[in-house]
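The values are calculated or read from the model by the stated rules, or taken from the named source; none is laboratory data. The structure displayed is predicted, hence computed values, not measured ones. Heads up, the Cβs are rebuilt from the backbone with ideal geometry, glycines too, and the neighbour counts pull from every protein chain shown.
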Amino acid sequence: MTDWISIPLVAFPLIASMVLLAFVSNGNDRMRQRLVGPIRMACLIFSLVMLTITTGMFFQYFGDVSWMNIAFNDYEYRTTYTWIETLGINWSVGLDALSFPMVWLTTFLLPVTIIATWNEKSGATYFPLLLMMGGALIGVFVSLDLFMFYVFWELTLIPMFFLILKWGGKDRKYASQKFFIYTFTASVIMLLGLITLYFLQDPYSLPSAGTMTGRSFSIPELIDSARAGNVGDSWYLGAQMQKILFVMLMIGFLVKLPAVPFHTWLPDAHVQAPTGGSMLLAGVMLKMGAYGMFRLPISLFPHALYHFQLALMIIGMVSLVWGAIVCLGQTNLKKMVAYSSVSHMGVILIGIATMQPMGWAAALFMMFAHGIISPMLFAVCGAFKHHYHSMEIGAMRGMAKHSPWLATSMMFAWMASLGLPLLAGFVAEIMMLIALWHMISLDGWSIWWMVGPALVLALTAAYYLWSMQRTIFEGGEAGQPPENMIGKPIPDISDSEKFAMLIMAFFTILFGIMPWIGLDMMDDWTKQIFEGLIVFVGKGGA
Amino acid sequence: MSTVSNVEPFKDGFIEALCPELILFAGLILLIIVPNLGKGTVRIPGTQKRVMWLLGGDRFKLTSNPRLPAWIATVTLGAAFVQTILSFQDGVDRTAIVTASGKQLMLVNGFSRVFELIFFGALTLAAFASMNRLEVRGVGPKLSTDDLYNNRRQADFYILMLTCGLGMSVVALAQDLFVLFIGLELASFSTYVLVAFYKETEAGTEAGMKYFIVGSVASGVGLYGLSMLYLWAGSLQFDALASQFIINGTDPLPLIAMGFVIVGFGFKVSAAPFHFAAPDAYAGASSPIAGILATASKAMGIIGLLRMLLIVAAPEASEDGTVWLTLLGVLALVTMTWGNIAALGSTNPKRMLAYSSVAHAGYMLAAITAIGAWNWDDSLAGDGGESAVAVLTALIFHLVVLVAFKLGAFLVLSILESDGDASRLSSLGGLAKREPFLAVAMFIFMISLAGVPPLAGFVSKLLVIMGIVKVAVGQMGAEIMAGGDFGLGDVHWVWWLAFAMVINSAISMYYYLRIGIVMFFDEAEEGRTGPLPRGWQVRFAVLACLMATLFMGVASDKLLEICEVAAQSLNYGWN
């Protein structure tokens, strides 16, 4: 029996972190100082247990799960308990090829983040908040109930709000409020869309319908009825309603992703957030947007997806190009990395908009690869800030001379992010390009759509190489330390940071050389979800 | 549903039916008598003999204790609360209090019971918390006259609390315009005085005066409307009025009367544009009383609106819904937007909570609008009032859980008020360092007000939005499954009220979050860094509110069922 998975992965981290926070916040400063060590260790051990469990799930220690052959809308470790019967709300969890990589990624990043930011100040509240964040994020990915999904979706905001607010930089108040309000606004619009979707069911037709409302929040049941409704000439919910709901849901997901023009919260949040917050924010939280797109609008509203294909493609292209151009102009290292995330999220959107199984698999793999690479980028930025008290590109030169470890990590992360072959990011990007070619040659799109990605390949290389040149190299024989550190010994990164960098680098290489470990199940899944649409796309859509 | 059993006053079954109110009444008498018990004697006329008669004179040690009235009031209200909860255990019976000629005066059913729960719950917490608010100047016989007078205020304060509770529960029970108005005024007058009771500040007296003047004008206008209804229908009974409305509800007279009535109750729920006195009253009153205004008093206004709009005026429902639909929809939109915009700019936490209360009134009016619209299209409706019950359930649930987080927020401010004042945002500064528990509780109340899951405020807001959407969408789901192609144009316009609610929640996030930031990350004001005033009662009340906010967020099933029963028992218009 495997119906216990939601306990160690979701319930325990949330409850344990809340208990720890309540306990710690009622004590005095001395007690908090004393407890940093034990609490940090407990959080680390617990996150390692979670990582062990998810890794064990992948290697089939818990139940005989064939990850390569999960049918679309079929879920492993499926568990359902009644929560609010009158409204048809269940505590329903399950994993498939879409959610499992994300869950594994979250459990992987938690211990890495804890190790990378081992010496963060006020650790007694910081580490429980990271744990809480992890629990809420996993909750988003495993939930198979719209209500539960939304609850966890919003719950992730609270620890992140506090992480930015308490450990953030100078403008942290502005950034945390902007982050919270921006994403909250988008997700309440999404909520209205979800509720409208909820009431657009045939009353009492689905198995888990509520006793009072006659409607069901169950995602698998909704997808089933959508697939049943999308056959032949008929469309689930009708063409007009699909488009309306698609737009409402996509507002929530596009802001979270974020896509231009809804991206302005991201640079502020990232620049102000502490390293650990940035790592989880870029690594997993942004992927919630892409995950949501696949889980709901794409699975439910293929007609609307086809209708808005061009719009998605344009938003994706603009995000890709705009993000890259803005990166060129940045002097702040962290802001540059943040805008590069916007650019990479554009790749995901383009992958979706190609309407090719390979493009979708590219999007899924980009979610995963970017989830490993971008935390490393932010870990580098964090170490930079931590040791040199500056984030300006060019504040110091010749870093390779006096901080070889940091220089190497930076170089590796930058290379991984610009898509060097044999590293994880390359696989996703090349797949996206192939899918785009497919789209152009098969569906008769203009060849000019290739210009954007081609341009961005050059731009990305340009801003990464340029920033490397100005920080790692130059500066003469002895390098040129930042002004505030002239005369002092310049430290390299700490051992815990080195260790975290090595782990992330290892997995970047691993998934770059052997992408099939994750890619196979993603590929299979996208082919299956696509089979449901092929009839529909074949008849020309709208 | 069980039939109504009729009971005449003071006959069999009367005590069972009105048990909570009778408990309050007994407590009221105790409160008047007990603090006066003493060694007083009276001379038997014609003789020189004096006998002990226990009233007046030097008080006994126990009865002179200035804390005694507070305990009596708390225990009384608590007992009434517990009694109300117990009455849910084996299903609420429906009992009507009738006159000898068979006219219904009051009706005890699920609906009235739930509202009694709200009133008594809020008042119990407020009375308990007020123990730390009203200044007590020593105990014992050696006090100066001034101090004795000051201690005497204790009894007055709690007597007013009990009369307030009594009036409110009469409003919940009323089946007759006259009884309704009596209850309304009893509660209103108590709250006017309670607001002015905060005489330590000038703002308190001023607020009481303002609240009294505006409130009496609103009551007067409402009463005028009620009298016009009487003129038109010749009866004060709700059911008689309702049947009149079915026959000739489009007469101008009842419509004008309904307009006046909406003004009267609109003031009580602080709906725009009748809300102007509310921020002043909330800011001037001591915080527990402001909490009562924002929860129990508002619930009372909502009952009035529900009774008048849904029972009296709803049978008129036609294809487009009831006659007042557009008016109320506009009111709802204006109220929620105005409240939120005004709250954005207010730097006094109590004024901010007052404006947030205005915004919540807007959400509730939106829900009532949706109830009026449920029967809007014959081809798509036909769910036998199911949607109306859903919205009403949501509305009642919202009122119940509002007690937890709104009152809780005011109670936290109450502690700060006894520390000095709570009229500036900066007075919340450094709260997380001074007393982390209060800061965390306040933050949870704030995000619950904003509607962040998994707290009670989220569930209630979700339910209201769900109810409105359900009405707006009607049976469209089934129609679509049968092959229909509908767009937003086919959805009833109340859907846009849900949209407005959603946007307004997002706006409100800003000022709720601001409180959290000030508490956690701003330094305390000059000279206010020390520990806060002691007092376990108010902290206990805050803890109770916090527990309820958390619990109702994740385990709302039981309360939902109770609210559904309540909603079903208000079923004049739709079956």
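Of B:V452, B:V459, B:V494, which residue is more than 23 Å from the chain's Cα centre (by Cα) and within 13 Å of chain A (Cβ to nearest Cβ)? Before the answer, list the steps.
Values: B:V452 fails: more than 23 Å from the chain's Cα centre (by Cα); B:V459 fails: more than 23 Å from the chain's Cα centre (by Cα).
Exactly one of B:V452, B:V459, B:V494 is more than 23 Å from the chain's Cα centre (by Cα) and within 13 Å of chain A (Cβ to nearest Cβ), namely B:V494.
Yes/no per residue for (1) closer than 15 Å to B:G215 by Cβ; (2) buried (at least 21 other Cβ atoms within 10 Å of the Cβ):
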| position | (1), (2) |
| --- | --- |
| B:L253 | no, no |
| B:A272 | no, yes |
| B:P279 | yes, yes |
| B:M308 | no, yes |
| B:L328 | no, yes |
| B:L331 | no, yes |
| B:T347 | no, no |
| B:S357 | no, yes |
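Does A:F294 fit the bill of being buried (at least 23 other Cβ atoms within 10 Å of the Cβ) and among the hydrophobic types (A, V, I, L, M, F, W, C)? Walk me through how you get there before you give the answer.
Numbers: buried (at least 23 other Cβ atoms within 10 Å of the Cβ): no; among the hydrophobic types (A, V, I, L, M, F, W, C): yes.
No: the conditions fail for A:F294.
A quick yes/no check of all residues on (1) polar (S, T, N, Q); (2) under 24 Å from A:F127 (Cα atoms):
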site	(1), (2)
A:R34	no, yes
A:L44	no, yes
A:L48	no, yes
A:T52	yes, yes
A:G56	no, no
A:Y61	no, no
A:I70	no, no
A:Y77	no, no
A:T80	yes, no
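So which pairs qualify, if the first residue must be in segment A:59-84 and more than 19 Å from A:F149 (Cβ to Cβ), the second must be small (G, A, S) and outside any loop (DSSP other than H, G, I, E, B), the Cβ gap must be under 9 Å, and the two must be at least 6 apart or on different chains?
Qualifying pairs under 9 Å: A:F62/A:G56.
Yes/no matrix, rows are residues, columns are (1) within 18 Å of B:I368 (Cα to Cα); (2) touching an Asp or Glu at 6+ places or on another chain (Cβ under 7 Å); (3) crowded, with 23+ Cβ neighbours inside 10 Å; (4) facing another protein chain (nearest Cβ under 7 Å):
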position: B:I468; (1), (2), (3), (4): yes, no, yes, no
position: B:G474; (1), (2), (3), (4): yes, yes, yes, no
position: B:A482; (1), (2), (3), (4): no, no, no, no
position: B:D485; (1), (2), (3), (4): no, no, no, yes
position: B:M501; (1), (2), (3), (4): yes, no, yes, no
position: B:M509; (1), (2), (3), (4): no, no, yes, yes
position: B:Y512; (1), (2), (3), (4): no, no, yes, no
position: B:G516; (1), (2), (3), (4): no, no, yes, no
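Inside segment B:1-120, counting only strands (runs of 3 or more DSSP E) that do not spill past its ends, which hold 3 or more residues that are without any contact (Cβ under 8 Å) to a residue 60 or more places away in the chain? Explain how you work it out, then say what you get.
Details: elements: B:5-7, B:41-43, B:50-52, B:95-98, B:104-108.
Strands (runs of 3 or more DSSP E) meeting the threshold: B:41-43, B:50-52.
Matching residues to (1) at pLDDT below 90; (2) among the hydrophobic types (A, V, I, L, M, F, W, C):
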{"position": "A:I39", "(1), (2)": "no, yes"}
{"position": "A:C43", "(1), (2)": "no, yes"}
{"position": "A:T82", "(1), (2)": "yes, no"}
{"position": "A:S92", "(1), (2)": "no, no"}
{"position": "A:L98", "(1), (2)": "no, yes"}
{"position": "A:M102", "(1), (2)": "no, yes"}
{"position": "A:L109", "(1), (2)": "no, yes"}
{"position": "A:P128", "(1), (2)": "no, no"}
{"position": "A:V140", "(1), (2)": "no, yes"}
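Among residues belonging to segment B:388-432 that are part of a helix (DSSP H, G or I) and hydroxyl-bearing (S, T, Y), point out the one that is farthest from the chain's Cα centre (by Cα). Talk me through it step by step, then tell me what you get.
Kept after step one, since they are part of a helix (DSSP H, G or I), are these residues of segment B:388-432: B:388-419, B:425-428, B:431-432.
Those still in the list that are hydroxyl-bearing (S, T, Y) too: B:393, B:414, B:418, B:426-427.
On the way: B:T393: 16, B:S414: 19, B:S418: 24, B:S426: 29, B:S427: 27 Å.
By that ranking, first place goes to B:S426.
Does at least one position in segment B:67-74 carry a residue that is closer than 30 Å to B:P35 by Cβ, surrounded by fewer than 18 Cβ atoms within 10 Å (Cβ to Cβ), aromatic (F, W, Y) and under 23 Å from the mean Cα position of the chain (by Cα)?
For segment B:67-74, residues closer than 30 Å to B:P35 by Cβ, surrounded by fewer than 18 Cβ atoms within 10 Å (Cβ to Cβ), aromatic (F, W, Y) and under 23 Å from the mean Cα position of the chain (by Cα): present.
From the list A:M50, A:M31, pick out the single residue that is outside any loop (DSSP other than H, G, I, E, B) and crowded, with 16+ Cβ neighbours inside 10 Å.
On the way: A:M31 fails: crowded, with 16+ Cβ neighbours inside 10 Å.
Sole residue among the options that is outside any loop (DSSP other than H, G, I, E, B) and crowded, with 16+ Cβ neighbours inside 10 Å: A:M50.
For segment A:409-454, give me the residue count where each residue is within 25 Å of the chain's Cα centre (by Cα), not small (G, A, S) and not in a loop (DSSP other than H, G, I, E, B).
Keep residues of segment A:409-454 that are within 25 Å of the chain's Cα centre (by Cα), which gives A:409-436, A:452-454.
So of that shortlist, the ones also not small (G, A, S) come out as A:410-412, A:414-415, A:418, A:420-423, A:426-427, A:429-434, A:436, A:453.
Within this subset, residues satisfying the condition of being not in a loop (DSSP other than H, G, I, E, B) are A:410-412, A:414-415, A:426-427, A:429-434, A:436, A:453.
Matching residues across segment A:409-454 total 15.
Out of the residues in segment A:84-108 that are part of a helix (DSSP H, G or I) and more than 17 Å from the chain's Cα centre (by Cα), state the one that is nearest to A:F46 (Cα to Cα). Don't jump to the end; show me each part of the working.
If we filter segment A:84-108 for residues that are part of a helix (DSSP H, G or I), which is where we start, we get A:85-87, A:99-108.
With the extra rule that they be more than 17 Å from the chain's Cα centre (by Cα), the set shrinks to A:85-87.
Values: A:E85: 33, A:T86: 36, A:L87: 34 Å.
Taking the candidates together, the pick is A:E85.
Just one of (1) crowded, with 23+ Cβ neighbours inside 10 Å; (2) in contact with a strand residue (DSSP E or B) (Cβ under 9 Å, 6 or more places away or on another chain); (3) under 27 Å from B:C545 (Cβ atoms) trips up B:A122, so point out which.
(2)
Taking the options B:S243, B:S297, name whichever one is more than 16 Å from B:A359 (Cα to Cα), outside any loop (DSSP other than H, G, I, E, B) and of a type in the set (S, T, N, Q). Give the derivation first.
Numbers: B:S297 fails: more than 16 Å from B:A359 (Cα to Cα).
Of the residues listed, the single one that is more than 16 Å from B:A359 (Cα to Cα), outside any loop (DSSP other than H, G, I, E, B) and of a type in the set (S, T, N, Q) is B:S243.
Residues checked against (1) more than 30 Å from B:L543 (Cα to Cα); (2) out of contact with any helix residue (DSSP H, G or I) (no Cβ under 6 Å at 6 or more places or on another chain); (3) in the same structural domain as A:F499 (by TED's automatic domain parsing):
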{"residue": "A:N28", "(1), (2), (3)": "no, yes, no"}
{"residue": "A:I39", "(1), (2), (3)": "no, no, no"}
{"residue": "A:M50", "(1), (2), (3)": "yes, no, no"}
{"residue": "A:T55", "(1), (2), (3)": "yes, yes, no"}
{"residue": "A:F58", "(1), (2), (3)": "yes, yes, no"}
{"residue": "A:S92", "(1), (2), (3)": "yes, yes, no"}
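Just need a number here: residues in segment A:355-375 that are over 14 Å from the mean Cα position of the chain (by Cα) and part of a helix (DSSP H, G or I).
Filtering segment A:355-375 down to residues over 14 Å from the mean Cα position of the chain (by Cα) leaves A:355-362.
Filter once more, so that each one left must be part of a helix (DSSP H, G or I): A:357-362.
Qualifying residue count for the region: 6.
Going by the conditions given, is A:L257 at the interface with chain B (Cβ under 10 Å from one of its Cβ atoms) and crowded, with 23+ Cβ neighbours inside 10 Å?
Working: at the interface with chain B (Cβ under 10 Å from one of its Cβ atoms): no; crowded, with 23+ Cβ neighbours inside 10 Å: yes.
When the stated conditions are applied, A:L257 does not pass them.
Quick check on my filter: what residues within segment A:19-35 are facing another protein chain (nearest Cβ under 10 Å) and under 11 Å from A:P128 (Cβ atoms)?
Scanning segment A:19-35 gives A:L21, A:A22, A:V24, A:S25.
Take A:R227 and decide whether it is touching a residue at least 60 places away in the same chain (Cβ under 8 Å), assigned by TED's automatic domain parsing to the domain that holds A:T86, touching a helix residue (DSSP H, G or I) at 6+ places or on another chain (Cβ under 8 Å) and not aliphatic (A, V, I, L, M). I'd like the intermediate steps shown before the answer.
Working: touching a residue at least 60 places away in the same chain (Cβ under 8 Å): yes; assigned by TED's automatic domain parsing to the domain that holds A:T86: yes; touching a helix residue (DSSP H, G or I) at 6+ places or on another chain (Cβ under 8 Å): yes; not aliphatic (A, V, I, L, M): yes.
Considered against the rule, which asks whether it is touching a residue at least 60 places away in the same chain (Cβ under 8 Å), assigned by TED's automatic domain parsing to the domain that holds A:T86, touching a helix residue (DSSP H, G or I) at 6+ places or on another chain (Cβ under 8 Å) and not aliphatic (A, V, I, L, M), A:R227 comes out as yes.
Would you mind finding the one in A:M212, A:M241 that is assigned by TED's automatic domain parsing to the domain that holds A:N90 and surrounded by 23 or more Cβ atoms within 10 Å (Cβ to Cβ)? Before you say what the answer is, go through the steps one by one.
Working: A:M212 fails: surrounded by 23 or more Cβ atoms within 10 Å (Cβ to Cβ).
Exactly one of A:M212, A:M241 is assigned by TED's automatic domain parsing to the domain that holds A:N90 and surrounded by 23 or more Cβ atoms within 10 Å (Cβ to Cβ), namely A:M241.
Return yes when B:F437 is surrounded by fewer than 24 Cβ atoms within 10 Å (Cβ to Cβ), touching a residue at least 24 places away in the same chain (Cβ under 8 Å) and within 8 Å of chain A (Cβ to nearest Cβ) and no when it is not.
Working: surrounded by fewer than 24 Cβ atoms within 10 Å (Cβ to Cβ): yes; touching a residue at least 24 places away in the same chain (Cβ under 8 Å): yes; within 8 Å of chain A (Cβ to nearest Cβ): yes.
Considered against the rule, which asks whether it is surrounded by fewer than 24 Cβ atoms within 10 Å (Cβ to Cβ), touching a residue at least 24 places away in the same chain (Cβ under 8 Å) and within 8 Å of chain A (Cβ to nearest Cβ), B:F437 comes out as yes.
Of everything in segment A:186-224, what is of a type in the set (S, T, Y) and touching a residue at least 40 places away in the same chain (Cβ under 8 Å)? Give them in sequence order.
Taking segment A:186-224 first, the residues of a type in the set (S, T, Y) are A:187, A:196, A:198, A:204-205, A:208, A:211, A:213, A:216, A:218.
A:S187, A:T196, A:Y198, A:S208, A:T211, A:T213, A:S216, A:S218 - these are the residues of segment A:186-224 that are of a type in the set (S, T, Y) and touching a residue at least 40 places away in the same chain (Cβ under 8 Å).
Based on what the data block shows, is B:K39 farther than 26 Å from B:L160 by Cβ, in contact with an Asp or Glu (Cβ under 7 Å, 6 or more places away or on another chain) and not aromatic (F, W, Y)? Don't jump to the end; show me each part of the working.
Values: farther than 26 Å from B:L160 by Cβ: yes; in contact with an Asp or Glu (Cβ under 7 Å, 6 or more places away or on another chain): yes; not aromatic (F, W, Y): yes.
Considered against the rule, which asks whether it is farther than 26 Å from B:L160 by Cβ, in contact with an Asp or Glu (Cβ under 7 Å, 6 or more places away or on another chain) and not aromatic (F, W, Y), B:K39 comes out as yes.
Inspect all residues belonging to segment A:180-191 and state whether any of them is more than 26 Å from the chain's Cα centre (by Cα), over 30 Å from A:Y126 (Cα atoms) and either modelled with pLDDT of 90 or more or more than 10 Å from every other protein chain (Cβ to nearest Cβ) (or both).
no
Please determine, by comparing only the residues of segment A:425-476 that are closer than 20 Å to A:A361 by Cβ and among the charged types (D, E, K, R), which one is surrounded by the most Cβ atoms within 10 Å (Cβ to Cβ).
By that ranking, first place goes to A:E429.
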